[in-house]
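Here's the structure we're looking at; comments come further down.
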Amino acid sequence: MEPQERTPSAPRLRKLDLFSGSLAARTYQSLREAILQLAYRPGELLRKGDICAELGVSRSPVSEAIARLATEGLVDVVPQAGTFVARFSMAEIREGAFLREAIELAAIEMIAPAMTEDQLVQLRRNIRVQEALVEDADFAGFYKLDAEMHAMLLSFTGYRKLGQVAESAWLHVNRARQQVLPVPGRVAATLKEHQAILDALEARDPDRAREEMRWHLRQLMKFLVPLERERPDLFDPD
């Protein structure tokens, strides 16, 4: 695996005091976030010395963080070569999308008939902020609110572990999705899909809510499949 060099023009890791837990845990959270947000590109060589310097830590917490990231499949540790950000895997993306769809369709069908006004208010507020972010072309901000909306819907089921299971299943899809969000018109289209889901929930119509969610979730693969052809350098051959 050949390293892909990149000269950083700005810090790519958020400061550790913005996270919680032990030093190793905070180092892991900062590095994981940067990888998921594509601050480190698929195939890029991770230089421990640079990470230590940017975060102001020794090599030990960085090594622990990388070991955790390797178990998640976010980095590849290659003996005698170094540690590289994992390239996308279409097989993992398809599996993650399948699992997330199964979870979210079951969840929205369950919650739709029993939506409370307070829950609807929370969703409306989230989507109003999404609208402002679309107007500002703030892709990172929109992505964050998008994730919060989906987490909110799962939380309405009352199942405490459901969000964690879904996030784990969606991990590799989420990272690849960052490459798609800047596609012209995609964020605006995603917002309309979210609004259609909200409309179905306001009507407390489980069948319509399920179909709107299914349509929404399946749009992403329409962009990721051609991405594999257009940018084979970002993908591992499965």
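Summary of computed values
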read-out: Footprinting exposure proxy for SER89, SER60 (fewest neighbouring C-beta atoms within 10 Å first); value: SER60, SER89
read-out: Span from the segment 72-115 Cα centroid across to the segment 119-156 one, whole angstrom; value: 20
read-out: Estimated 222 nm signal from helices in the chain, with DSSP H stretches of n ≥ 4 weighted -39500 (n - 2.57), rounded to 500; value: -21000 deg cm²/dmol
read-out: Spatially near lysine pairs across the chain, Cα under 27 Å, sequence gap of 8 or more or different chains; value: 6
read-out: Rounded to 5, percent antiparallel among DSSP beta bridges of the chain; value: 75
read-out: Dimensionless Rg/Rh of the chain - Kirkwood Rh, Rg from C-alpha atoms; value: 0.99
read-out: Two-site label geometry, ALA151 and ARG128: point separation in nm, points 7 Å out along Cα→Cβ; value: 2.1
read-out: Segment 15-68-segment 181-229 distance, computed between alpha-carbon centres (Å); value: 32
read-out: Residue exposure sequence - VAL173, VAL121 - by fewest surrounding Cβ within 10 Å; value: VAL121, VAL173
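FYI, it's all coordinate maths here, none of it is from the lab. Quick caveat, the model's predicted, so the values are computed rather than measured. Heads up, the Cβs are rebuilt from the backbone with ideal geometry, glycines too, and the neighbour counts pull from every protein chain shown.
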